[in-house]
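This report concerns only the one structure given below.
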Amino acid sequence: LEDFERVLDINVKGVFLATQLAAKSMIKYDIEGSIVNMSSINAQVAIPGIPAYCASKGGVMQLTKSAAIALSKYKIRVNCVIPGAVPSELNIRAVLFSEDENEARMNAIAPLHVLERIGKAQEVAEAIEYLMNAEWTTGSSLVVDGGLSLGMSNF
């Protein structure tokens, strides 16, 4: 229970507090614009052994939708990005693999993607940039996963 609560605190409460802080500042200074939250493909695709993570990332999707409704009257759009497997320093530290082990694991799951490769951080950044500028998009979750969620039946 302690681990479950810690994951929810970081992934859901953290996003809630950051969204709230950004929104309050935007409203105070009359700034119209966009907030983009980060979720994970595990918001839509459950994997055994990480139920708290999957639940928390699903929570980020719903939090994004609720915030989009609440902040629309201030002309603040709220969306989220749902990335698939992308190597990063955080992934390496989070799962306690060495960089070489992490790369081997990422390469092993590459065939599960419809596009047959893992993602790049730049590709996720491009999705964030799109949502920051998409003036008629709010409450949406943009999946950027190379088709991983389509191929998860092979997982």
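The values are calculated or read from the model by the stated rules, or taken from the named source; none is laboratory data. In this text, all values refer to a predicted model and were calculated from it rather than measured experimentally. Positions of Cβ are generated from backbone atoms using ideal geometry, with glycine treated the same way; all protein chains shown enter the neighbour counts. Each accessible area value is taken on the protein alone, full model and side chains, heavy atoms only, with ligands, DNA and RNA left out. Shrake-Rupley method; radii C 1.70, N 1.55, O 1.52, S 1.80 Å.
In table form, for the structure just shown:
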| item | result |
| --- | --- |
| Helices (runs of 4 or more DSSP H) completely within the stretch 99-155 that count 3 or more residues being modelled with pLDDT of 95 or more | 121-133 |
| Flag if A55 is open to solvent by less than 60 Å² (accessible area, probe 1.4 Å), at pLDDT 95 or above, within 25 Å of V114 (Cα to Cα) and hydrophobic (A, V, I, L, M, F, W, C) | yes |
| Residue list for the stretch 72-87, restricted to those being farther than 13 Å from F16 by Cβ, modelled with pLDDT of 95 or more and touching a strand residue (DSSP E or B) at 6+ places or on another chain (Cβ under 9 Å) | S72, K75, I76, R77, N79, V81, I82, P83 |
| Residues (farther than 16 Å from K65 by Cα and loosely packed, with under 13 Cβ neighbours inside 10 Å) located in the stretch 10-24 | L21, K24 |
| Scan of the stretch 25-41 for residues that are assigned to a helix (DSSP H, G or I) and open to solvent by less than 20 Å² (accessible area, probe 1.4 Å), ordered by number | I41 |
| Residues of the stretch 128-147 satisfying the condition of being surrounded by fewer than 14 Cβ atoms within 10 Å (Cβ to Cβ) and free of Cβ contacts under 8 Å to residues at least 40 places away in the same chain | E129, W136 |
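Yes or no, residue by residue, for (1) more than 16 Å from V143 (Cα to Cα); (2) of a type in the set (D, E, K, R):
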site: D3; (1), (2): yes, yes
site: V7; (1), (2): yes, no
site: Y29; (1), (2): yes, no
site: G33; (1), (2): yes, no
site: A55; (1), (2): yes, no
site: K75; (1), (2): yes, yes
site: V86; (1), (2): no, no
site: A104; (1), (2): yes, no
site: I118; (1), (2): no, no
